[in-house]
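Below is one structure; the comments refer to it alone.
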Amino acid sequence: MQLKNPSNIAKALALASCALVGQSAQVQASEEKLDDWKVDAAIMYYGEEDRVQAVEAIGNVQKAFGDESLLDMKLVVDSLTGASASGAVAQAETQTFTRPSGDGQYQTAPGETPLDDTFHDTRVQASANWAETLSPVWKTNVGVNGSKEFDYFSMGLNAGIERSFNKDNTTLVLSGAYTFDTIDPVGGKPVAFSAMAVRGDYNTEEEYRTAFDLTRVEGTEDKKTMDMMLSITQVLSRRWVFQANYGLSSISGYMTDPYKILSQVDDTGTSQGYLYENRPDSRLKHSFYMMTKGALDAGVVDFSYRYSTDDWDLNSHTLETHYRYYFSGRFYGQVHLRYYQQQAANFYRPFLMADEPLPEYASADYRIGDMSSYTLGLKFGQRLSGGHEMSYRLEYYQQNPENNGTELVGQLQDQDLFPAVKAIMAQVSYSF
Amino acid sequence: MSIQHQRASSNFQLSRRSWGHVGSFRAMASPCELLIANEDENITRAMMELATCEAARIEQKFSRFIKDNPLWKINHAAGKASPIDAETASLLQFARQCYQLSEGRFDISAGPLMALWRFDGSQFPKASDIERARALVDFSKVSFNEHQLQFPAGMSLDFGGIAKEYAVDRVAYLLAEQWPAISVLVNFGGDIACPVSKAADAPPWQVGIENPQRLDSAAALLEIRQGALATSGDTRRFIEKNGQRFGHIIDPRTGYPIVKAPRSVTVLAPNCVMAGMLATMAMLEGAQAEAFLSEQEVEFKCFR
């Protein structure tokens with residue numbers, strides 16, 4: 001039998017058979033080649049029991065330019081509503097508070113944790129990142145990000161460089177970021193430790209206004225953050241990798257929460273008034289992180305631990321694990337467990353005693369108090385035809401604030417000053 | 001159809017070995033075997049389920065011996081167009097490329113000729129029957145696109161020369177997609193694929209190649225870590241006449257079996273359909289089989 005170009009037959013058959021056998025893989029691969037866009041869209045709901053509710057829409061677009069360059073753009077829009085703890089303690093009596101704007105009041109029933117229910121905002125966050133492979137061993141990336149909410153504006157720059165060694169089995173990454181935030185509190189910035197003016201204490205609206213205005217300073221405040229991170233990733237075996245990070249963060253500027261207050265109580269535990277909080281204007285944080293991740297026969301598992309400490313003496317430990325199991329090549333389930341424990345900042349005070357001198361700094365924000373929290377999550381992902389993927393995530397999150405050792409006086413012993421905060425998070429994502 | 005599917009899917013044997021598991025079942029008139037380098041019985045059972053289901057699915061769809069299956073309907077369309085799915089279209093596309101590459105010697109419309117050559121070792125068809133059958137064999141008269149297929153009444157298609165290799169590759173591909181870290185050797189009656197490379201520190205799979213003179217005893221041992229191999233030969237099906245041995249590879253252009261073809265040709269290639277087609281084409285080369293394969297720069301083994 002005479003064949004034309006017989007040596008080409010094997011090559012022609014190789015191509016033809018790949019087209020036949022690797023059908024779906026081939027189709028996906030070629031789609032990705034033709035169309036280097038990768039788009040993820042997600043919608044997330046976060047709801048705390050009786051408190052903050054948030055709905056977040058996330059859009060992420062990645063575009064590859066050849067094998068060397070990747071542009072990643074992300075847009076997040078979220079809408080928050082609901083109430084958050086103001087910092088004041090629960091009392092046996094009804095309490096009346098002035099809203100942050102100075103316009104109007106809200107009341108808290110006896111035995112209830114005071115929540116500021118005026119909290120609603122829409123936040124838009126956008127970021128763009130460019131990653132470039134410079135050589136087989138060097139990679140770099142630069143990015144910008146910004147976010148805007150009603151009383152807050154943030155802009156940042158970041159850059160990183162990555163070097164791989166040892167046939168890509170070891171990777172070192174050094175990265176840095178600079179963020180500049182501007183804060184323009186609703187109703188003006190409160191004067192540190194000034195007492196909340198309450199309408200009922202004044203005869204006329206004008207007198208009240210004058211008193212309220214004395215608790216406020218005009219203008220905006222800013223905050224600057226410098227972050228540095230050194231990371232090493234090591235391939236341990238065909239199935240396991242290990243990563244360790246050290247992060248250093250230096251923040252200066254306005255870190256007080258303009259909407260948080262502290263109750264000033266007498267020795268019966270009864271509120272005499274409310275003071276606007278005051279936090280230091282510098283903070284230096286160190287964090288250490290270790291993670292190992294392994295490929296199992298039909299799944300993936302990771303474990304991580306993070307230790308974070310700062311010069312506010314706020315130390316925290318985080319233990320986290322994810323276990324993903326592939327029920328089939330197209331369907332997986334994932335379990336997420338996270339445990340977090342923190343030790344209060346040195347200026348955290350659940351309340352202040354009226355007859356004691358004021359400390360230099362104080363905040364009753366439970367988020368910087370002693371606390372532990374845990375997260376239980378489940379996620380299911382499904383690969384659809386054409387390389388699309390759909391995933392569903394449901395998580396339960398509980399924060400358990402604890403007393404940092406403060407002696408509770410009088411009626412405060414009868415109140416739940418450290419109520420647990422329970423939240424549900426649900427997310428649906430689609431990648432195409 | 002579903003009853004047969006289910007019966008086939010659960011009908012396998014699994015046994016334990018020091019290095020993993022061996023699973024076996026029958027499909028496509030061949031003994032089928034999976035060597036699985038994994039000790040977890042739940043995983044290997046799931047792999048066997050997948051393999052038996054996929055083999056049964058392909059057999060059910062493309063066997064010309066099953067009444068009312070998709071191929072039967074195509075072959076009984078009496079000249080009318082038949083709707084086809086994407087998988088059938090891509091198999092036809094592959095068959096067309098093979099038809100062109102072999103200059104008409106590999107032809108899946110050769111069914112009427114094959115039917116005359118019943119390789120039971122006795123009958124030799126009449127020349128007039130062969131001529132009549134040849135008139136019904138011509139793949140160039142088969143027209144198809146992604147959605148439909150049409151050919152003149154009286155003609156028929158037979159995927160027998162591709163389907164088993166295709167099943168091996170599909171099973172190998174599906175297993176590798178789902179269990180990318182588990183090395184498996186998929187062996188359907190001597191057509192073999194090993195999609196996931198064996199670990200560097202584990203010994204390669206060993207595959208015995210039958211000696212056509214002494215059936216069922218391995219004559220050569222091939223080592224394989226990843227890839228595929230397929231064998232084409234007349235080891236089991238032939239007619240002998242006047243001392244001449246006629247194998248089951250028919251040249252559709254003459255209507256007669258290829259003469260001076262090797263008894264068997266085994267080819268190693270990245271996937272099983274490619275290996276199988278190279279082996280078949282080498283057989284079609286008759287006396288030049290070895291020269292043809294040498295030019296293809298593939299590893300092979302010929303028995304004469």
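Other chains near B:271-279: what is the mean number of their Cβ atoms within 10 Å of each residue's Cβ? Could you put the intermediate results ahead of the total?
Values: counts 7, 2, 6, 10, 2, 2, 5, 5, 0.
For peptide B:271-279, the averaged partner shielding equals 4.
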Residues of the range A:332-350 with backbone N under 16 Å of the label point set 7 Å from the Cα of A:TYR305 along Cα→Cβ are A:338-342
Karplus ³J(HN,Hα) for the range A:346-361 (6.51 cos²θ - 1.76 cosθ + 1.60, θ = phi - 60°; Hz, whole; x = Gly/Pro) runs 5, 9, 5, 9, x, 6, 10, 8, 5, 8, 10, x, 6, x, 5, 9
Phi-derived 3J(HN,Hα) across the range A:267-272 with the Karplus relation (6.51, -1.76, 1.60, θ = phi - 60°), rounded Hz, x for Gly and Pro, is 6, 9, x, 8, 5, 9
Placing each pseudo-label 7 Å from Cα in the direction of the beta carbon, A:VAL217 and A:ARG239 end up separated by a distance in nanometres of 5.9
For the pair A:ALA192 and A:ASP40, the simple spin-label estimate (label points 7 Å beyond Cα toward Cβ) gives in nm 4.1
Once B:LYS126 and B:ALA199 are pulled to full extension, the length gained, defined as 0.36 nm per residue separation minus their Cα-Cα distance, is 20.8 nm
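Which entries in B:LYS80/B:LYS141; A:LYS139/A:LYS224; B:LYS61/B:LYS164; B:LYS260/B:LYS301; A:LYS74/A:LYS148; A:LYS74/A:LYS224 show an alpha-carbon gap greater than 18 Å? Working shown, then result.
Working: B:LYS80/B:LYS141 13 Å; A:LYS139/A:LYS224 27 Å; B:LYS61/B:LYS164 12 Å; B:LYS260/B:LYS301 16 Å; A:LYS74/A:LYS148 14 Å; A:LYS74/A:LYS224 23 Å.
Table pairs above 18 Å Cα-Cα are A:LYS139/A:LYS224; A:LYS74/A:LYS224.
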Hits in the range A:183-210: amide N under 17 Å from the 7 Å Cα→Cβ extension of A:GLN107, namely A:198-202
FRET efficiency (B:VAL259, B:HIS147; Cβ distance; R0 41 Å; to 0.05) is 0.50
Ranked output for segments A:296-302, A:362-368, B:62-68, A:65-71 by mean other Cβ atoms within 10 Å, highest leading, reads A:362-368, A:296-302, B:62-68, A:65-71
Under the 7 Å Cα-to-Cβ spin-label approximation, B:ASP85 and A:ASP121 lie apart by a distance in nanometres of 5.4
With Cα coordinates, the longest principal axis of chain B makes an angle with the long axis of helix B:163-178, in degrees rounded to 10, of 30
The rounded separation in angstrom of the Cα centers of the range A:178-223 and the range A:47-91 is 28
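Report, as an integer, the average count of C-beta atoms from other chains found within 10 Å of each Cβ along B:94-107. Working shown, then result.
Values: counts 6, 2, 1, 7, 5, 0, 3, 10, 3, 4, 0, 2, 0, 0.
If you average over the peptide's residues, the count of other-chain Cβ atoms is 3.
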Once phi for every residue in the range A:254-263 is put through the Karplus expression 6.51 cos²θ - 1.76 cosθ + 1.60 (θ = phi - 60°), the whole-Hz ³J(HN,Hα) values, with Gly and Pro written as x, are 7, 10, 5, 8, x, 9, 9, 10, 10, 7
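Each reported figure results from applying straightforward, stated rules to the coordinates on display, with no laboratory input. A quick note: this is a predicted structure, and the numbers were derived from the prediction, not measured. Here Cβ is always computed from backbone atoms with ideal geometry, including for glycine, and neighbour counts include all displayed protein chains.
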